[in-house]
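Below: the structure, in structure tokens.
The values are calculated or read from the model by the stated rules, or taken from the named source; none is laboratory data. Because the structure is predicted, anything quoted here is derived from the model rather than measured. Cβ atoms come from the backbone with ideal geometry, glycine included; neighbour counts cover every protein chain shown.
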Amino acid sequence: MIAAGLGCKRGCSSGDVLLALEAALASAGRALSEVQALYAPEFKAEEPALSAAAQHLGKPLRFLPMAYLQLQAAHALTHSEQVSARFGVPSIAETAALAGACTRERSRASLLGPRQIAGGASCALAVIWGCP
């Protein structure tokens, strides 16, 4: 199972979100059918592009507290100075993917690669392992 972490600029298009997810899947050699859910930080709950993309894909979209993302900061593969200064994590998409994957009790996760960016959106994938 795979958790897809999403980040986006305010007002980005759902097309950018879908392209970022497609790029992440292609880069990792994975299929959309392996994605369990999409994850993003709570402060993006009102971003229409995220909900539109999730609806288009037929995947659940779950919003996580920033504290969950911050717990995964040490495991990110990429680092954005701007994101780090503003949100306290090196990558929204990567930490959201890891935090989403780790929401299952006794689960562990690792990134399948660095985040992929399309327009105003980014996506990273984390594989869930060690789940009961």
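Laid out as a table, the results:
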| quantity | calculated |
| --- | --- |
| Test: residue in region 28-35 that is within 13 Å of residue 123 (Cα to Cα), small (Gly, Ala, Ser) and within 13 Å of the chain's Cα centre (by Cα) | no |
| Subset of region 94-132 that is of a type in the set (S, T, N, Q) and either closer than 17 Å to residue 68 by Cα or assigned to a loop (DSSP other than H, G, I, E, B) (or both) - its residue that is modelled with the highest pLDDT | 95 |
| Output for region 21-37, where each listed residue is closer than 14 Å to residue 93 by Cα and touching a Gly at 6+ places or on another chain (Cβ under 8 Å) | 24, 37 |
| Residue within region 39-46 that is within 24 Å of residue 108 (Cα to Cα), part of a loop (DSSP other than H, G, I, E, B) and not hydroxyl-bearing (Ser, Thr, Tyr) present | no |
| Selected residue (criterion: nearest to residue 4 (Cα to Cα)) from residues of region 60-93 that are crowded, with 24+ Cβ neighbours inside 10 Å and touching a Pro at 6+ places or on another chain (Cβ under 7 Å) | 92 |
| Residue within region 96-110 that is among the basic types (Lys, Arg) and closer than 24 Å to residue 13 by Cα present | no |
| Residue within region 44-55 that is out of contact with any Cys (no Cβ under 6 Å at 6 or more places or on another chain), under 18 Å from residue 99 (Cβ atoms) and polar (S, T, N, Q) present | no |
